[in-house]
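Since the structure comes first, as structure tokens, the remarks are kept for the end.
The values are calculated or read from the model by the stated rules, or taken from the named source; none is laboratory data. Quick caveat, the model's predicted, so the values are computed rather than measured. Cβ coordinates were reconstructed from backbone atoms using ideal geometry, including for glycine residues, and neighbour counts include every protein chain displayed. Ligands, DNA and RNA are excluded from the accessible area calculation, which covers all protein heavy atoms including side chains. Shrake-Rupley method; radii C 1.70, N 1.55, O 1.52, S 1.80 Å.
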Amino acid sequence: MTRTVYVNGEYLPEGEATVSIFDRGFLMADAVYEVTSVLGGKLIDFDGHAVRLERSLKELDMQAPCSKEELLEIHRKLVELNGIEEGMIYLQVTRGSDGDRDFVFPSEDTKPTLVLFTQNKPGLANAPAAQEGIKVISIEDIRWGRRDIKTVQLLYPSMGKMMAKKAGADDAWMVEDGYVTEGTSNNAYFVKDGKIVTRPLSNDILHGITRKAVLRMAEEAQMEIEERLFTIEEAKDADEAFVTSASAFVMPVVEIDGATVGDGVPGRIAKRLREIYLDESMKAAI
Ligand code: PMP
């Protein structure tokens with residue numbers, strides 16, 4: 001089945017969808033994005049992603065391409081047209097193109113570009129990695145200072161994943177001034193003596209939609225949470241570690257820089273949080 005994608009008001013076969021070579025998303029990474037998971041043919045936390053998209057656009061003085069209701073309709077239509085049961089929907093908004101290359105933003109009447117496509121991932125919720133846990137390495141965080149805005153400037157996170165792969169690991173945790181910021185595409189946590197520790201929100205990390213939901217659910221389950229800066233050494237020495245993201249949900253981490261975390265298998269709290277998160281989010285999916 002040929003994938004049907006969405007570009008600026010049209011649903012097209014992927015091979016027929018085009019964006020201008022002058023688009024600022026292409027030339028300047030002047031664009032923001034969201035990734036929403038689909039489970040059981042329904043959208044997980046659509047509202048959270050729509051609200052964060054609104055915030056990213058506002059922070060960059062970028063026009064919204066359409067209303068939240070229209071976005072929901074496009075998401076649903078793509079799920080339906082592509083028969084997605086489990087997978088993701090990628091959405092990108094760019095500042096558009098006024099037909100040339102210029103550092104100065106184009107005039108106000110330049111229309112933003114809106115692109116969405118589906119990624120079919122059968123078995124996403126039962127990923128084998130969640131049974132085994134993943135291995136991470138630490139790398140320096142050399143990204144810009146507004147990581148709270150979900151821009152498409154993903155070259156360094158992409159390089160980080162390649163560094164991890166080369167080192168025989170699955171992912172990388174980034175470290176700045178001695179403290180872990182986040183994973184290349186997820187938020188980072190460790191658990192010690194029953195307490196979940198994660199970095200507090202600021203401009204230094206992405207405000208994960210999954211982070212917010214998981215922390216709320218952990219609190220509801222009477223788990224202890226501490227939002228504070230932490231080091232790689234603390235995480236290595238922890239009882240368990242994990243990451244969260246919209247497409248990995250809650251993913252246990254069993255090795256950090258070659259050191260085994262806890263017993264080297266997914267921890268009790270990470271496994272429990274994954275169960276609760278999947279269960280509750282599927283119930284609330286729209
Ligand atoms: N941090 C970074 C750098 C990310 O790219 C992501 C994934 N978008 C996350 C955290 C997790 O955010 P979310 O739970 O909203 O997917």
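Tell me, yes or no, whether segment 207-227 has at least one residue that is part of a strand (DSSP E or B), under 22 Å from Arg55 (Cα atoms), among the polar types (S, T, N, Q) and under 21 Å from the mean Cα position of the chain (by Cα). Walk me through how you get there before you give the answer.
The initial filter retains those residues of segment 207-227 that are part of a strand (DSSP E or B), namely 224-227.
From the residues that got through so far, the ones that are under 22 Å from Arg55 (Cα atoms) too are none.
There is no residue in segment 207-227 that is part of a strand (DSSP E or B), under 22 Å from Arg55 (Cα atoms), among the polar types (S, T, N, Q) and under 21 Å from the mean Cα position of the chain (by Cα).
Residue pairs whose Cβ atoms lie under 6 Å apart, sitting 6 or more positions apart in sequence or on different chains, and linking a residue in segment 206-222 that is polar (S, T, N, Q) to a partner that is within 13 Å of the ligand (Cβ to nearest atom) and in a loop (DSSP other than H, G, I, E, B), are Thr210/Ala246.
Has segment 259-268 got any residue that is within 16 Å of the ligand (Cβ to nearest atom), hydrophobic (A, V, I, L, M, F, W, C) and touching a residue at least 24 places away in the same chain (Cβ under 8 Å)? No, there is no match, as no residue in segment 259-268 is within 16 Å of the ligand (Cβ to nearest atom), hydrophobic (A, V, I, L, M, F, W, C) and touching a residue at least 24 places away in the same chain (Cβ under 8 Å).
In the set (1) open to solvent by 50 Å² or more (accessible area, probe 1.4 Å); (2) within 13 Å of the ligand (Cβ to nearest atom); (3) not in a loop (DSSP other than H, G, I, E, B), the condition left unmet by Phe242 is number (1).
With respect to the stated conditions, Ala164 fails to be open to solvent by less than 20 Å² (accessible area, probe 1.4 Å), under 24 Å from Arg274 (Cα atoms) and either more than 16 Å from the ligand (Cβ to nearest atom) or of a type in the set (Lys, Arg) (or both).
Would you be able to tell me the number of residues in segment 140-161 that are open to solvent by 20 Å² or more (accessible area, probe 1.4 Å) and not basic (Lys, Arg)?
Of the residues in segment 140-161, the ones open to solvent by 20 Å² or more (accessible area, probe 1.4 Å) are 140, 142-146, 150, 152-156, 158-159, 161.
Narrowing further to those that are not basic (Lys, Arg): 140, 142, 144-145, 152-156, 158-159.
Final tally of qualifying residues: 11.
Can you name every one of the helices (runs of 4 or more DSSP H) wholly within segment 1-83 that holds 2 or more residues which are open to solvent by 20 Å² or more (accessible area, probe 1.4 Å) and more than 16 Å from the ligand (Cβ to nearest atom)? The qualifying helices (runs of 4 or more DSSP H) are 24-28, 68-81. The set of residues in segment 247-261 being open to solvent by 20 Å² or more (accessible area, probe 1.4 Å) and closer than 16 Å to Arg211 by Cα consists of Ser247, Ala248.
Take segment 167-209 and flag every residue that is within 22 Å of Glu219 (Cβ to Cβ) and open to solvent by 70 Å² or more (accessible area, probe 1.4 Å). Across segment 167-209, the qualifying residues are Lys192, Asp193, Leu201.
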